[in-house]
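Derivation of every value follows stated rules applied to the coordinates shown; laboratory data play no part. Bear in mind the structure is a predicted one, so any value in this text is a computation, not a measurement. Positions of Cβ are generated from backbone atoms using ideal geometry, with glycine treated the same way; all protein chains shown enter the neighbour counts.
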Amino acid sequence: MSHAPRMACLAALVAALWGCGGGDGSAAGSTAAGAPERGSVRIVMVSHGQTSDPFWSIVANGADDAARELGVRLEYQAPSSFDMVRESQLIDAAVASRPSALAISVPDPDALAPSIKAAVAAGIPAISVNSGDAVWERLGFLGHIGQTEYESGRAAGE
């Protein structure tokens, strides 16, 4: 992932977070307007892809670079193998830790919906990344960053 897209991805999440006034509504570490100070922002990215995978290592490294440049903390979490039950558990654990925001890949919307909807119900700003373009609104995400599956397949075939 080049510098511009990774910055845009994380910047969009940070902007959404600022617009919502933070994930947990607490005043600690917040500015007068109610938005958290950058240094207190903790974003958890939960993905179905492991950092040992060439694509996901680029995503994780790019998100980490962007977080560092924006002055926010990022935690990248993924199951050790493609496992929707485990990804759901990681989302639940992230929600319990009350992050400022979440970024979640959604390869199986039906399997992840209860955990995602719990995050949204808890008031944690969340976006879908990479996969989930067809369901992000239904699941309650603030937005989606990625391309459609059609565009991905077409590009892979060219």
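Using a 10 Å cut-off around each Cβ, can you sort 151, 158, 87 from fewest to most neighbouring Cβ atoms?
158, 151, 87
To the nearest whole percent, what portion of all C-alpha pairs in the range 81-158 is separated by more than 16 angstrom?
Tail of P(r) above 16 Å: 47 percent of Cα pairs.
Arrange the following residues from fewest to most other Cβ atoms within 10 Å of their Cβ: 148, 51.
148, 51
Does the range 34-125 come out rounded, prolate or oblate, given a ≥ b ≥ c as the square roots of the eigenvalues of its C-alpha gyration tensor, rounded meaning a/c under 1.5 and, failing that, prolate meaning a/b above b/c?
oblate
Quick one: Cα centre-to-centre distance for the range 45-115 and the range 129-158, in angstrom?
16 Å
What nm distance separates the two modelled labels at residue 68 and residue 151, each placed 7 Å from Cα along Cα→Cβ?
Distance between the two pseudo-spin positions: 2.8 nm.
Once the Cβ-Cβ distance between residue 53 and residue 111 is put in as r, and R0 is 30 Å, what FRET efficiency do you end up with, to the nearest 0.05?
0.95
Could you list 116, 91 so that the one with the fewest beta carbons within 10 Å of its beta carbon is first and the one with the most is last?
So the residues, fewest neighbours to most, are 91, 116.
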